[in-house]
Amino acid sequence: MPAGASPRMPRHSLYSLTESSDCGPEKEEEEDSPKRLTPLEKLTRDMCHDEKTIKDLTVGKRVGFYKVRGEIGCGNFSKVKLAFHALTKDKVAIKVMEKMRLDLQTQRMLSREISNMESLYHPNVLRLYEVVETPCRLYLVLEYAGGGDLHSRLTSEGKLTDPESKIVFAQILSAVKYMHDNSIIHRDMKAENVLYSCSGCVKVADFGFSTRINNRNQMLDTFCGSPPYAAPELFKDESYLGPPVDVWAMGVLLFFMVTGTMPFRADTVPKLRRSVIEGVYALPMWVSAPCQRLIRGILKPDPSERYALDQMLGCEWLLPVELFRTARPLQQLNPVYLLEAGTGRMMQEEEDVRAALQELGVTQEHILDNQCKNSRSPFTGMYRIVLHRIQRNSGTERPPIITGVVKDPKRDSLRAYRNLRHTSKLCVLS
């Protein structure tokens, strides 16, 4: 993307939500010139001069480069609104938070949420595109998953079929393993935080309670998440290990998916606490035996006896599921990646992203001038949105399939081992 490929930009700020006084007479002179403005130049000009655009920015109908539409969700400290990028036209979800309502603890949690999402790049983890800050509000621009959440689907349509459960759970498991491999504990795994994309791919969302650990033996002491999904050790007011807490919540989630009900139910939190600590639940007989074994291996009150993620991946119930895993370098989330790759050494996907950004008017200078801002740059946001769209269109994000054929040699050997019949003169074990 050579520096001279794009016309000279106006001398005012390209990304101002509150200030437009820098736009002087020079802009008017440029408007009289025959030079054709790029889409980016036209948008930044409108943000300084167009009365409707300025009004929309003032009243919140626009946030930076995004046109905001209706509300699609809400939480304790935030609202989630549907929006679309004014240049790329892609839909996004914007999490809106009022700064005045954020106490110190909430601010720290929000900072961790942004930091942790910045360090995750997986097909089954909801993406953070951009962070926009104004004097009164903070906006997290997120991937829009238009298929709704798993909790709504289960409560409206009932339990999932066995194949559906395998496909959904395998994706959740893949996402959580990736998080743990990158030292991040989610701590709020529940059906409400599992979203469907329009393509049917599953996305783990809401990293508000997530935390980063230094090692797998690091003890945590904050009660997090929803009580019906909370592990026994959380109810004991003691320090706990992070990974087993996520694993327990996944067991509750799997039970909910295959039965349509929760394993531990009570009218009050104290009764629920007693039920969870005792670890007593009833699995319907019609749940398949391999699935029952997996659930029982996860929902063990003693965290040291709980299945590890690798055991879950290799379990008999998930053996027929073929996951599409794509190894993506984390630096690919930074638009500087396009400049460092260099012409002739980029893949077709990267060439397409570069061409799309050039067409919008994004130059090398734009990227270099914003390279230290990470998600707080509008050009990083634009780049990530275009990159994600091109990846989706190329088929890199799709649900796993059930083949019945195991292609992973390690899992294949496990399958072969389980099919062996061990015999002796006294007994036959199958």
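We did not get these values from a lab; they are worked out from the coordinates using the rules stated. Please read these numbers as outputs of a predicted model, since none were measured by experiment. With ideal geometry, Cβ positions are generated from the backbone for all residues, glycine too; neighbour counts draw on all protein chains shown.
Quick notes on this one:
- Rounded to the nearest Hz, the phi-derived 3J(HN,Hα) couplings of the stretch 123-140 under the Karplus curve 6.51 cos²θ - 1.76 cosθ + 1.60 (θ = phi - 60°) are x, 10, 10, 4, 8, 9, 8, 7, 10, 10, 10, 10, x, 9, 9, 10, 10, 9, where x marks glycine and proline.
- The modelled label-to-label distance between Lys159 and Leu368, using points 7 Å beyond Cα along the C-beta direction, is 6.1 nm.
- Nearest-0.05 FRET efficiency for Lys42 and Cys74, computed from C-beta distance (R0 45 Å): 0.85
- Ascending count of other beta-carbon atoms within 10 Å, so fewest first, for Lys55, Lys61, Lys203: Lys55, Lys61, Lys203
- The aspartates and glutamates whose alpha-carbon is closer than 14 Å to the alpha-carbon of Lys91, local same-chain residues fewer than 8 away aside, are Glu71, Glu130, Glu143.
- Fully extending the segment from Gln331 to Arg101, taken as 0.36 nm per residue of separation minus the present Cα-Cα distance, adds 79.4 nm.
- Ranking of Leu140, Leu368 by count of other Cβ atoms within 10 Å, fewest first: Leu368, Leu140
- Beyond 23 Å in Cα-Cα separation lie the following of the pairs Lys177/Lys300; Lys81/Lys190; Lys81/Lys203; Lys95/Lys159: Lys95/Lys159.
- Taking amide hydrogens as placed 1.01 Å from N in the peptide plane, the amide H of Leu220 sits under 5 Å from those of Tyr240, Leu241, Gly242, each at least 5 positions away in sequence or on another chain.
- Shape of the stretch 94-173, Cα gyration tensor, a/c cut at 1.5: prolate
- What the phi angles of the stretch 179-192 give under the Karplus curve with 6.51, -1.76 and 1.60, with θ = phi - 60°, is a coupling list of 4, 5, 5, 9, 6, 10, 9, 6, 6, 8, 6, 7, 4, 5 Hz, glycine and proline written as x.
- Taken along the Cα-to-beta-carbon direction at a fixed 7 Å, the label points for Ser111 and Glu322 span 4.7 nm.
- Three-way shape label, the stretch 150-322, alpha-carbon gyration tensor, a/c 1.5: rounded
- Given their separation in residues at 0.36 nm each and the Cα-Cα distance between them, Arg293 and Thr134 gain 52.1 nm when the chain is fully extended.
- The H on the amide N of Ile401, modeled in the peptide plane, is under 5 Å from the matching H of Glu322, each at least 5 residues off or on a different chain.
- Contact order for the stretch 293-404, expressed relative to its length and based on alpha carbon pairs under 8 Å spaced 6+ residues apart, stands at 35 percent.
- Across the stretch 243-253, coupling constants 3J(HN,Hα) worked out from phi with the 6.51/-1.76/1.60 Karplus curve, θ = phi - 60°, read x, x, 5, 5, 5, 4, 4, 5, x, 4, 4 Hz, and Gly and Pro carry x.
- Placed amide H near Arg137: partners under 5 Å, 5+ positions off or other chain: Lys99
- Relative packing of 120-131, 279-290, which averages over residues the other C-beta atoms within 10 Å, highest first: 120-131, 279-290
- Estimated inter-spin distance, Lys52 and Arg398, nm [label 7 Å along Cα→Cβ]: 4.1 nm
- Mean-position separation - Cα centroids, the stretch 363-395 and the stretch 67-109, in angstrom: 19 Å
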